[in-house]
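Here's the structure, in structure tokens; my notes come after.
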Amino acid sequence: DEFGTSEKFECCIHLLTEDNDYLEFTGSSIASDRLADAVVKDRPIIIDLKRAGTFRKVVMNKECIRTTTADIMDEMFHGGSRNLTSSAAGKLGCEKWDAVVLPFCRTDSPIGAISIIHPELPAEFISLAKVFCRQISIAHRLVHEAAQARLVEEALRSSKAQFSNALQIARLGPWEYDVLKDQFTFNDEFYNIFRTTAEQVGGYTMSSADYARTFLHPDEIQMVGEEIGKALATTDPHYSRLLEHKILYADGAIGTISVRIFIVKDDQGRTVKTYGVNQDITERRKAEEELQQYRHQLEELVAERTEELKKELIHRKQAEEELQKAQKLESLGLLAGGIAHDFNNLLSGLFIFVDMARRNLGKKDTIVRECLDEAMGCCSRTRDLTQQLLTFAKGGMPVKKTLALEPIIQKTAKLSLSGSNVHCNFELPPTLWTIKGDEGQLSQVFSNILLNSRQAMSNGGLITLAGGNVELRKNEIIDLPEGSYVRIVFSDQGSGIKKDVLSRVFDPFFTTKQTGSGLGLATSYSIIKKHEGHISIDSEVGSGTVVTIHLPASKDAIPEERTELPADLKGYGRILFMDDDEVICNSVTMILEEGGYEIVCAKNGEEAIALYRESFQAGNPFSAAILDLTIVGGMGGEKVIRKLQEIDPQVKGIVSSGYADSPVLSNPAEYGFMGDIAKPYVVDDLLRTLNTVLRNNAENG
């Protein structure tokens, strides 16, 4: 603008691009219409410093160059024809004018150039032009520095705002304490922690006493004072301390802060200033306390669950042991059951023949009678042995009825300990619940336990038999569901059992006695399991043995006992007897014919049905039918009785078996039978059962 108002002076301004490779035309004192007429329209004026000589020297060397107008016009419009540049200078009327190109800089860096043309430049003008360019550079630098200062100021304000926001977000509050003046200095962020402002408190400074009274919890004043005393007394110039204490918010609530303390010492090593930052950790402490509470709860839950898992593992191990024990008993039971069944059939015939021979002896045959009595005793012991085999074998299911345990235990103890120097102490309350059980099998269990105790106390002693009613919780005893039970405990003062032996006492055929069969406790275990109960043994050598039995309670009343039948067991009538064993058929025929009956034998179910049908249709029906439950390879008693009921709905059936693996023997009436008889037969038992069925039928008819 200044050159445009002066006479004959014209100038153009060129600024460096960012890559320092070009000069861009920025402005000129030449009138725009004149310049537009002098150059090609819409053609930008860009000077390529790689091609331009004068302008490159000016910019790179930061020197002033005097030349001609035509020369600078050529570089300004490089790329066109010479005629174009001459024409442009000619149109402007300055083709023969003088020209000068000067650099201008910001500090030491060139930022552009100014080209000046004049018909004839005075010599002193060059010096003035250089001064002018330096003024431009200074002005540009001042403007740039002012702009940078504004940016710095804005950045500082932004940084302060961000710092303040960060302090508020982190709940941090810086402070200083001048020891000599006893004066704290705070800021707004410090007061934000305490939920107040400088205006409400009375300024940004206060004494240590005011600070303690205003912000510290009374319980913490002494502790904070001691910490400040340590900071003042320390000789460590790098002393730093972190502490936590309770504070009072302005609204009266109690909070917790974390304080980091630093110190400043003078040349004499005295602490003249402390400073630091407070952080409100109330919410964090609350969260940590809740987390700690949750952790304790979790630890308790984990401990409880761990204990439950331990118990489950113990129960699982016990269950596995019980299962293995049961599987072992089942496997041996199958073998024992088969042997005992066949042996029982042979024993039945032997029993009957010996019994019949003994009955028919004359009074003078004393020696023969004694021999037969001994033979009968051997048969009885053999029967007891087979019954023990059958008990844990396939057919040892108990025939249950409602029982009171106290009289059974009293009677069994009297018989088992008779003639010994072992005494019993009974602690059986009259309120003991009833159970559903097989009296004979349970008597056998009690007898086995008492005999073991008797043998363990060869020098005599005391056996305590205690009973009680208990309510068991789930999993309190392995394999027993929760519910009501009767507990019977046998405690003796015997020699006890070794630990390595104790785990095997229920194994079949395991015994430490020279004369034992090893079936007593195995049989007892099987009986109690089939009664849905549990038996366990605890013992220590020298401290005696404790056997505990749990049986499911019934709480039903004991039914009234039926009147005994008369001693005369003689009878009459036609009896159908079905059994596949010839010895049993012959022996039973002898018994029944001796008892006044007529007997017809059948070897299988088909033959029995045919005989019964033929007799019924002929008008000469059988008075009763004794049917074996199991016929090898044929129809057993359970199916035969249903066929006979189709022929004669009034048929009087008696089920017979050497063992009971069917519920038929537990409840014969439910399956169409009026009675039952177990093998091996005893003459009186067989006659009494038959007499009872025929007598009851006659009374009911």
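Things worth noting here:
- Cα-centre dipole for segment 250-289 with unit charges at Cβ (Lys and Arg positive, Asp and Glu negative), debye to 20: 200
- Bins of 5 Å, starting at 0 and running to the largest distance - Cα pair percent for segment 198-297: 3, 11, 18, 20, 18, 13, 9, 5, 3, 1, 0, 0
- Portion, in percent, of the accessible area of segment 599-701 that falls on carbon or sulfur, probe 1.4 Å: 46
- Cα gyration tensor shape for segment 632-686, rounded if a/c is under 1.5, else prolate or oblate: prolate
- Accessible area, probe 1.4 Å, largest first, for residues E75, E300: E300, E75
- Computed from label points 7 Å out along Cα-Cβ, the spacing between D685 and K498 is 3.9 nm.
- Placing M590, M60, M206, M578 in order of accessible area, with the largest value first and a 1.4 Å probe, yields M60, M590, M206, M578.
- Rolled with a 1.4 Å probe across the full set of protein chains, the surface gives S208 an accessible area near 40 Å².
- Note on E124 and R270: the extension gain reaches 45.6 nm, defined as 0.36 nm multiplied by sequence separation minus the Cα-Cα distance.
- Pairs beyond 32 Å (Cα-Cα), from K317/K639; K530/K679; K265/K286; K411/K679; K310/K499: K317/K639; K265/K286
- Shape call, segment 570-701: gyration tensor on alpha carbons, a/c limit 1.5: rounded
- The heavy atoms of Y275 present about 90 square angstrom of accessible area, all protein chains included, probe 1.4 Å.
- Put L569, L462 in order of accessible area, highest first, and with a 1.4 Å probe you get L462, L569.
- Using heavy atoms of the protein chains and a probe of 1.4 Å, the accessible area assigned to K498 is about 130 Å².
- Maximal additional length on extending the N61-T431 stretch stands at 120.6 nm, based on 0.36 nm per residue less the C-alpha distance.
The values are calculated or read from the model by the stated rules, or taken from the named source; none is laboratory data. Owing to the predicted nature of the structure, the values given are computational and were not obtained by experimental measurement. No Cβ is skipped: glycine too gets one built from the backbone with ideal geometry, and neighbour counts run over all protein chains shown. SASA here: full protein model, heavy atoms, side chains in, ligands and nucleic acids out. Shrake-Rupley method; radii C 1.70, N 1.55, O 1.52, S 1.80 Å.
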